[in-house]
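The values are calculated or read from the model by the stated rules, or taken from the named source; none is laboratory data. Remember, predicted model here, so these are calculated numbers, not experimental data. Here the Cβ positions follow ideal geometry from the backbone for every residue, glycine too, while neighbour counts run over all protein chains shown.
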Amino acid sequence: MDVSQKCQYALRALFELAKCHKQGVGLTPASWIARKQDIPGRFLGMIMNELAHGGFIQSRRGVKGGFALAKEAREITVGMVVRYVDGPIGPVSCVRELRDDCGLAGNCAFIDFWRRVRDAVAGLYDGTTLQDLVDEEVGARSQQTVMMGI
């Protein structure tokens, strides 16, 4: 049930765009995103292109170009991104997709368990938006400042 490195980069890029949007920044250059989120530039370009095709971001080329979210950060869930980049969510293939090649089909002691795992993970992914993550980071930073007495 690993989230691919590509998907992690996609989530981090979208997270950075959500932060920029909250700060009132317009278009954000890919080089900024790559630097802030430690994503290899060449790989980020391919990911951003894919995210644009998926309707997650808008892009504009040129000197004043860059990227911005195509939707509000509160409208994009982690689950949407994970499914778009990595496909269906599930710990084992029999609960990710319909399969009829299992010798235990219809008689598997684990199938309900695997479905509960899938549903719990999907619930967390689908219940978490980019805005939630941005707000959590802001809250964590505020908490650190209070704890340091600054």
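Of all residues in region 47-85, those that are at pLDDT below 95 and among the hydroxyl-bearing types (Ser, Thr, Tyr) total 1.
Looking only at residues that are touching a helix residue (DSSP H, G or I) at 6+ places or on another chain (Cβ under 9 Å) and over 13 Å from PHE56 (Cα atoms) in region 17-26, which one is surrounded by the most Cβ atoms within 10 Å (Cβ to Cβ)?
Checking each candidate, the answer is CYS20.
Please go through region 1-19 and pick out each residue that is closer than 14 Å to LEU44 by Cα and not hydroxyl-bearing (Ser, Thr, Tyr). Within region 1-19, GLN5, LYS6, CYS7, GLN8, ALA10, LEU11, ARG12, ALA13, LEU14, PHE15, GLU16, LEU17 qualify. Evaluate the following for LEU44: is it crowded, with 17+ Cβ neighbours inside 10 Å, more than 20 Å from GLU72 (Cα to Cα) and not acidic (Asp, Glu)? Taking the combined requirement at face value, the residue satisfies it.
Pull out all pairs, ordered by first then second residue, where Cβ-Cβ is under 7 Å, the residues are six or more apart or on different chains, the first lies in region 124-150 and is more than 20 Å from LYS22 (Cα to Cα) and hydroxyl-bearing (Ser, Thr, Tyr), and the second is surrounded by 10 or more Cβ atoms within 10 Å (Cβ to Cβ) and modelled with pLDDT of 60 or more. Listed pairs, sorted by first residue: TYR125/THR77; TYR125/VAL78; TYR125/GLY79; TYR125/VAL82; TYR125/ILE89.
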